[in-house]
1. Quick one: which residues, 5+ away or cross-chain, put their amide H under 5 Å from the amide H of H50? H built at 1.01 Å from N.
2. Starting from the amide H of A97, placed 1.01 Å from N in the peptide plane, find each other amide H under 5 Å away whose residue is 5 or more places distant or on another chain.
3. Arranged from highest to lowest average of other beta-carbon atoms within 10 Å per residue, in what order do the peptides 298-310, 190-202 appear?
4. Which whole-Hz couplings ³J(HN,Hα) result when phi for each residue of the stretch 119-132 is put into the Karplus expression 6.51 cos²θ - 1.76 cosθ + 1.60, θ = phi - 60°, listed in order with x for Gly and Pro?
5. Could you put Y289, Y218, Y53 in order, starting from the residue whose Cβ has the fewest other Cβ atoms within 10 Å?
6. List the residues whose amide H sits under 5 Å from the amide H of N487, counting only those 5 or more places along or on another chain, with H placed 1.01 Å from N in the peptide plane.
7. Quick one: length gained pulling T472 to C350 fully straight, 0.36 nm per residue minus the C-alpha distance?
8. Over all pairs of distinct alpha carbons, what does the Kirkwood formula give as the hydrodynamic radius of the stretch 59-186, in Å?
Amino acid sequence: MVHGSFRSLSPAGLLIDDVVIERDRILIIARCRAAAGECPDCGERSRRVHSSYERRLLDLPSHGRTVQLRVAVRRFRCAMPGCPRRIFVERLHETVAGKSARRTLRLDAIVHHLGVALGGRPAASLARRLMLPVSKDTLLRVVRRHASRASRDRSPLHVIGIDDWAWKRGQRYGSIICDLERRRIVDLLPDREPATVEAWLSCHPEVRVISRDRGGGYGQAATRAAPQAVQVADRWHLMENASAAFLEAVRRSMRLIRMALGNITIDPALLTHAERLQHDGYLRREEAYGIIRALAKTGTPIKEIVRRTGRSRKLVRDIVRGGGGDVFRCRSNLLEPHLAWLDAEWSAGCRNGAELWRRLHKTAGFRGSLCVVAEWTTRRRRAESAGSERLRKPPPARALSRLLSSERDHLTKGDAITVARIERAVPVLVSARDLVERFHGMVRDRDPHALPAWIADAAGSVLASFGKGIVTDRAAVAAAMTQPWSNGQTEGQITKLKLVKRQMYGRAKLDLLRARPGAPT
Ligand SMILES: [Zn+2]
């Protein structure tokens with residue numbers, strides 16, 4: 001008989017008869033406390049023991065040793081007349097172990113958590129260190145069993161997000177369905193065919209809201225198989241689509257852009273320091289002058305413009321009459337008549353600014369300072385080291401599209417010039433950019449009332465086909481601005497799924513993937 005204090009440690013309903021401590025394990029010999037067994041069929045209690053046998057259960061490790069429970073379980077005869085079951089085995093308490101389980105419930109729970117958190121092989125190696133006697137196959141089996149049990153007793157789904165994810169990048173895609181309310185994966189479908197999604201949806205008539213991308217396939221499937229559900233276009237996808245439409249417009253305008261940028265004579269990379277200061281000033285002035293010109297265009301009197309802008313009367317009058325706009329004043333003009341001569345000398349090999357200035361001063365009567373000539377030579381040197389190839393090549397469409405959509409204040413001066421050039425040469429891009437900004441703002445601020453005006457304006461722009469797509473999907477787009485749901489967390493689940501897939505090595509079967517992320521962690 002075991003010391004009394006062990007009793008309190010014994011699992012529910014069991015009496016411990018003995019504890020055998022071996023070198024690497026502890027054996028706990030026990031039996032059921034109850035005097036009678038209860039027939040699982042008729043519920044009748046019986047004390048008539050037929051026979052008994054030993055049930056072995058692995059338990060949590062203790063004192064650096066694995067622990068095994070050896071429970072003597074009895075077979076009883078059912079005394080109830082007419083009961084089809086004549087002999088039954090006594091059950092262990094429900095908190096100890098399930099029917100025919102080989103691990104106690106508490107060990108099984110740990111094994112399950114390990115399997116969910118780490119996946120087969122890493123979990124098995126950690127389990128070994130924790131003295132939990134389970135193989136990686138057992139781990140995966142436990143994970144699967146828990147998942148199938150969980151899927152059986154699942155509360156109804158109301159709000160789902162659906163998206164595709166890559167089994168193998170660019171080759172095989174599946175679909176992932178998330179419960180957006182409970183923030184968990186509900187199911188994984190083997191492909192992204194509308195028919196597959198339709199089949200799934202028709203088994204879930206309780207779904208009320210479906211958040212999806214704008215690819216079309218999922219939308220179609222939802223319309224056919226779940227007409228009761230509100231479809232919500234995913235906000236991130238909407239923004240992304242708008243940006244992509246703008247990029248496409250930039251691509252189509254590349255010929256015009258190339259022509260506009262080809263004419264550039266000012267490459268800020270080639271400017272000397274002094275010139276760059278002048279140039280910055282020029283850009284600042286241009287901005288101010290733009291405001292004055294715009295006011296003048298609307299018929300605002302000069303007096304009023306002066307009052308509003310705080311500029312001098314003379315300046316405003318000059319601008320309104322078409323003045324302003326010189327980038328570099330005086331200094332370049334001073335050199336102008338001598339440029340051909342300078343070029344020739346440069347090509348002939350004279351590259352010393354001071355020497356060039358001396359000769360200009362002496363032979364041609366040049367009145368400018370040495371600085372002017374020195375700046376010119378600096379610029380020539382830079383132009384040569386930069387290489388003419390790089391200077392003429394406009395940035396790729398993607399970079400331009402980003403520049404055009406950037407806040408003016410965030411642009412470098414060089415980029416600002418590029419943008420200004422493009423805006424002047426291809427005004428349709430300016431209105432397209434404004435449309436995209438309005439669209440983004442509308443989605444961000446959840447303002448569906450702005451949608452009709454936006455659609456009308458987009459129709460006449462270079463974004464017409466994107467606008468048409470929005471019209472086709474109008475209900476879902478409007479829902480994106482009114483419903484709180486979005487696929488953001490679905491994307492998060494996909495990231496998690498990819499991690500799981502990597503951890504599982506070759507064992508990433510659909511059912512296992514379904515099991516792991518959906519289970520508690
Ligand atoms: Zn019975």
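Laboratory data are not the source of any read-out in this text; all were calculated from the coordinates shown. Here the structure is a predicted model, which means the values were calculated and not measured. Positions of Cβ are backbone-derived with ideal geometry, glycine not excepted, and every protein chain shown enters the neighbour counts.
1. Counting only residues 5 or more places away or on other chains, the set is R75, F76, R77.
2. L105
3. Going by the mean number of other Cβ atoms within 10 Å, highest first, we get 190-202, 298-310.
4. x, x, 5, x, 5, 5, 6, 5, 4, 4, 5, 7, 6, 8
5. Y53, Y289, Y218
6. Those qualifying (amide H under 5 Å, at least 5 residues apart or on another chain) are R235, W236.
7. Full-extension gain reported as 37.1 nm.
8. It works out to 18.3 Å.
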